Amino acid sequence: MRKSTLQFCEDEITLGGGAFRREDWPLMVEILDTMDRRRGCVFLIKGSIQSWKSLAAQLKVTADKVLRPCRMAWYGPTRDFVRGFAEEKLNNLYDNTRILRRIEPADSNRIKAMSKNLPHMLFTLLSAHTDVDRQSKSLQSIVCDEAWMYGTGELTEIRGRYTSFESSEDWQFVIPTSGEDKGSDVNEIWEDSDQRAWHVRCESCGHWYYPDVYPPAAIESIDEESGKPIITQPAGGLHFDASDAVRSDTGRIVQRLFDATVYYECPNPACRCHVKELPLSTSKFVSLQPEPASRNVIGWVWNALCHMPMTSVALLKAKADDALAHGDAAELEDFDRKRALRPWSVASVIKTAARPSNLGNYKLGEDWAPEYFREMEIDVQQDHYYWRVRLWSRSTQSRLLALGIAWSEEQLVEAQRKWRVHGHGGVLAEHPKTGQIYFPNGCGVFIDGNYDTARVRRLAARNHWCVLRGEPSGDRYPHPDGRSRIWNPIQAIEAFSGIADPTTTAPATGEAAPPAVAADRYVAEVRFRKAEARNTLRILQNQTSPAEVWTYARDTPDKHPDYLKHLAAWSPRDKIKKKGSLETVTEWVQTHERDDWEWCECAGVIAASMTGLIGSDAVEG
């Protein structure tokens, strides 16, 4: 009788300095047993990061190398990714597998290239992003690691590589991954599966439940007698207090105070008991879809509460909420994908244009006591300019101060002088440690550089303004501090040639850049992601707690009726990524001809982000 994968692991494998014991991995037992019993199946293993989802697939591959040799491949998003994974993880596992050390010399057993010929089998490392890797010879056993990172249609195309074995149902397709995009290939497979979710048993009432990180959505109804709305919160979910009561004077969460507020509520309405720790010793997988769309698709899911302290998960969620309140959805996306294991869609956090509640109780031109930063944005047209001035507080709130149309450089300078907005004063400096260009005296005037760039650069250089140039969607820009942002580090551009000054992009010398870098000959220029800036603007427009974050003056519609039309010029639309796929991407579609003041507001988001007033920088700072 053929040995099981679990038995092989117990007999042959050492993990963390000790022998593998199934008692230490209770939830993995079902997964490995199921993969032994079922052939001709897709196995989707969705788990939070730093848990054991990939380890389950690694153990299966290691056992199959001895027990069930066949044509096998391990996919990663890129070749560098999968090669690094093999060198760090698979090689280490092979080195700690006794039978492999015995039957082969240790050095020959290690994976050094993208493929390895073994007795009775070929084991190959492949890249999902590489066309030829998705379309080569037939494979009998396939692992697609971190499939949430694959491009649209790539996972579906890889699945075609086991079709030669479909008639005999002698194949396996394993997908260990974190959370996915809504409508993606991974999401479709999950919807087709039997959805075996990790459950724990309430020690008070005996109810089994999946400990979802998010509480159920509140239910709103209308009281028949008073006609007033009634909000009912269903039982269940992770709860915590992130109000000022658990924060320092600077707004940072005090972990000792915060931890005391964290609890999980039993979702049984008859119980609703609160626990500080989940009963992990009584956990098991329970199918949420006993009659799946496909009997050959088996899925498992667990979130970070399975292996992390409840207080740590709650703190990550609170910080993601803080970043969202400051206009940055990246941390929430990361939390939903990698900790909560929920399908992600940016459409869930952005709405359309400004709402009626964004109308502030003040007039244009009014001073504002909490003002910390004043910025002016200029949108460039062929023979005129749209401009607007906005005030920002340290707490991310902002007010519209003034806006207008200028027909000349002189009128722009006059508007800047009237509303007391400062440029960078002709001074740029280079950070002594990172080499990054910055404004020692700050900068509050930013001008659109996408139209007639050469003329705009000269205009900005003369007046000591910063040029902003929007770019299409893409990855965030890396910064010298190791972080990524929606705007790239400032460059000093020669205003007449358009060439970046090499002294401002070289590694740090330990001294500030010479003042000549910022002479009228040079202009400060920043590129940014237009779609992400628009996302951030919409997020801020929809923040209402504890007060409206982003507002415009109440007399704006009367004095400048086109302003609101400009703000509504772009709308988010879900677009199918690839023909034949259900995966969508949120794109911004222009629905109104004029969007000039909307560009100013998007650019203002970049100015506030560069000042550290919004985004994750504001939370950490």
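The values are calculated or read from the model by the stated rules, or taken from the named source; none is laboratory data. On a predicted model such as this, the values are computed, not experimentally measured, just so you know. Neighbour counts run over all protein chains shown; Cβ positions are idealised from the backbone, glycine included. Ligands, DNA and RNA are excluded from the accessible area calculation, which covers all protein heavy atoms including side chains. Shrake-Rupley method; radii C 1.70, N 1.55, O 1.52, S 1.80 Å.
So, of the residues in the stretch 97-108 that are open to solvent by less than 50 Å² (accessible area, probe 1.4 Å) and either of a type in the set (A, V, I, L, M) or under 19 Å from residue 19 (Cβ atoms) (or both), which turns out to be modelled with the lowest pLDDT?
The selected residue is 100.
Residue by residue through the stretch 37-51, note down the ones that are of a type outside the set (Ser, Thr, Tyr), crowded, with 20+ Cβ neighbours inside 10 Å and outside any strand (DSSP E or B).
If the condition is that a residue be of a type outside the set (Ser, Thr, Tyr), crowded, with 20+ Cβ neighbours inside 10 Å and outside any strand (DSSP E or B), then 47 is the only one that fits.
Going residue by residue through the stretch 431-450, is there one that turns out to be surrounded by fewer than 23 Cβ atoms within 10 Å (Cβ to Cβ), of a type outside the set (Phe, Trp, Tyr) and within 23 Å of residue 383 (Cβ to Cβ)?
yes
Kindly state which helices (runs of 4 or more DSSP H) lie completely within the stretch 511-621 and contain at least 3 residues that are open to solvent by less than 20 Å² (accessible area, probe 1.4 Å) and at pLDDT 90 or above.
Once the helices (runs of 4 or more DSSP H) in the stretch 511-621 are filtered for at least 3 residues that are open to solvent by less than 20 Å² (accessible area, probe 1.4 Å) and at pLDDT 90 or above, what remains is 530-541, 562-567, 596-610.
List every residue pair whose Cβ atoms lie under 8 Å apart, where the two residues are 6 or more positions apart in sequence or sit on different chains, the first residue falls within the stretch 227-245 and is of a type in the set (A, V, I, L, M), and the second residue, located anywhere, is part of a loop (DSSP other than H, G, I, E, B) and surrounded by fewer than 11 Cβ atoms within 10 Å (Cβ to Cβ).
Qualifying pairs under 8 Å: 230/223; 231/218; 235/269.
Which numbered condition trips up residue 275, out of (1) more than 18 Å from residue 341 (Cβ to Cβ); (2) crowded, with 16+ Cβ neighbours inside 10 Å; (3) modelled with pLDDT of 90 or more; (4) touching a Ser or Thr at 6+ places or on another chain (Cβ under 7 Å)?
(4)
What residue, among those in the stretch 302-325 that are outside any helix (DSSP H, G or I) and either of a type in the set (D, E, K, R) or out of contact with any strand residue (DSSP E or B) (no Cβ under 6 Å at 6 or more places or on another chain) (or both), is least open to solvent (accessible area, probe 1.4 Å)?
Checked the stretch 302-325; the qualifying residue least open to solvent (accessible area, probe 1.4 Å) is 303.
Report every pair of residues separated by at least 6 positions or lying on different chains whose Cβ atoms are under 8 Å apart, first residue within the stretch 522-541 and at negative phi, second open to solvent by 20 Å² or more (accessible area, probe 1.4 Å) and assigned to a helix (DSSP H, G or I).
These pairs meet every condition: 523/457; 523/458; 525/457; 526/610; 535/346; 539/324.
Counting just the residues of the stretch 479-495 that are modelled with pLDDT of 85 or more and either among the hydroxyl-bearing types (Ser, Thr, Tyr) or assigned to a loop (DSSP other than H, G, I, E, B) (or both), which one comes out farthest from residue 536 (Cα to Cα)?
Result: 480.
Checking residue 281 against (1) closer than 25 Å to residue 195 by Cβ; (2) part of a helix (DSSP H, G or I); (3) touching a residue at least 24 places away in the same chain (Cβ under 8 Å); (4) more than 20 Å from the chain's Cα centre (by Cα), only one condition comes out false. Which one?
In the conditions (1) closer than 25 Å to residue 195 by Cβ; (2) part of a helix (DSSP H, G or I); (3) touching a residue at least 24 places away in the same chain (Cβ under 8 Å); (4) more than 20 Å from the chain's Cα centre (by Cα), residue 281 misses (3) alone.
How many residues does the stretch 290-301 contain that are surrounded by 16 or more Cβ atoms within 10 Å (Cβ to Cβ) and closer than 24 Å to residue 234 by Cβ?
Summing the residues that are surrounded by 16 or more Cβ atoms within 10 Å (Cβ to Cβ) and closer than 24 Å to residue 234 by Cβ in the stretch 290-301 gives 1.
Residues that are at pLDDT below 90, of a type outside the set (A, V, I, L, M, F, W, C), surrounded by fewer than 17 Cβ atoms within 10 Å (Cβ to Cβ) and not in a helix (DSSP H, G or I): does the stretch 334-351 have at least one?
Taking every residue of the stretch 334-351 in turn, at least one turns out to be at pLDDT below 90, of a type outside the set (A, V, I, L, M, F, W, C), surrounded by fewer than 17 Cβ atoms within 10 Å (Cβ to Cβ) and not in a helix (DSSP H, G or I).
If you take the residues of the stretch 247-273 that are outside any loop (DSSP other than H, G, I, E, B) and in contact (Cβ under 8 Å) with a residue 24 or more places away in the chain, which of them is nearest to the chain's Cα centre (by Cα)?
Filtering the stretch 247-273 for residues that are outside any loop (DSSP other than H, G, I, E, B) and in contact (Cβ under 8 Å) with a residue 24 or more places away in the chain, the one nearest to the chain's Cα centre (by Cα) comes out as 253.
Within the stretch 447-454, is even one residue part of a strand (DSSP E or B) and either under 31 Å from the mean Cα position of the chain (by Cα) or at pLDDT below 90 (or both)?
Taking every residue of the stretch 447-454 in turn, at least one turns out to be part of a strand (DSSP E or B) and either under 31 Å from the mean Cα position of the chain (by Cα) or at pLDDT below 90 (or both).
Can you tell me which condition residue 416 does not meet? The list is (1) open to solvent by less than 20 Å² (accessible area, probe 1.4 Å); (2) at pLDDT 95 or above; (3) not hydrophobic (A, V, I, L, M, F, W, C), and all the others hold.
Condition not satisfied by residue 416: (1).
Read through the list (1) part of a helix (DSSP H, G or I); (2) under 22 Å from residue 170 (Cβ atoms); (3) in contact with a helix residue (DSSP H, G or I) (Cβ under 7 Å, 6 or more places away or on another chain), then give the number of the only condition that residue 74 fails.
(1)
Quick one: which of 148, 208, 190, 171 is closer than 17 Å to residue 303 by Cβ, touching a residue at least 24 places away in the same chain (Cβ under 8 Å), open to solvent by less than 30 Å² (accessible area, probe 1.4 Å) and of a type in the set (Phe, Trp, Tyr)?
Answer to the selection: 190.
Going by the conditions given, is residue 293 aliphatic (A, V, I, L, M), over 27 Å from the mean Cα position of the chain (by Cα) and modelled with pLDDT under 95?
So residue 293 fits the description; yes.
Given the criteria open to solvent by less than 30 Å² (accessible area, probe 1.4 Å), at pLDDT 80 or above and at positive phi, does residue 153 qualify?
yes
Can you tell me which of (1) open to solvent by less than 10 Å² (accessible area, probe 1.4 Å); (2) of a type in the set (Asp, Glu); (3) modelled with pLDDT of 90 or more; (4) closer than 30 Å to residue 265 by Cβ is the one residue 180 doesn't meet?
The one condition residue 180 does not meet is (3).
Have a look at 196, 161 and point out the one that is charged (D, E, K, R) and modelled with pLDDT of 90 or more.
From the options 196, 161, the qualifying one is 196.
Among the candidates 46, 53, 65, which residue alone is basic (Lys, Arg), in contact with a strand residue (DSSP E or B) (Cβ under 8 Å, 6 or more places away or on another chain) and farther than 21 Å from residue 342 by Cα?
Going through 46, 53, 65 in turn, the sole match is 65.
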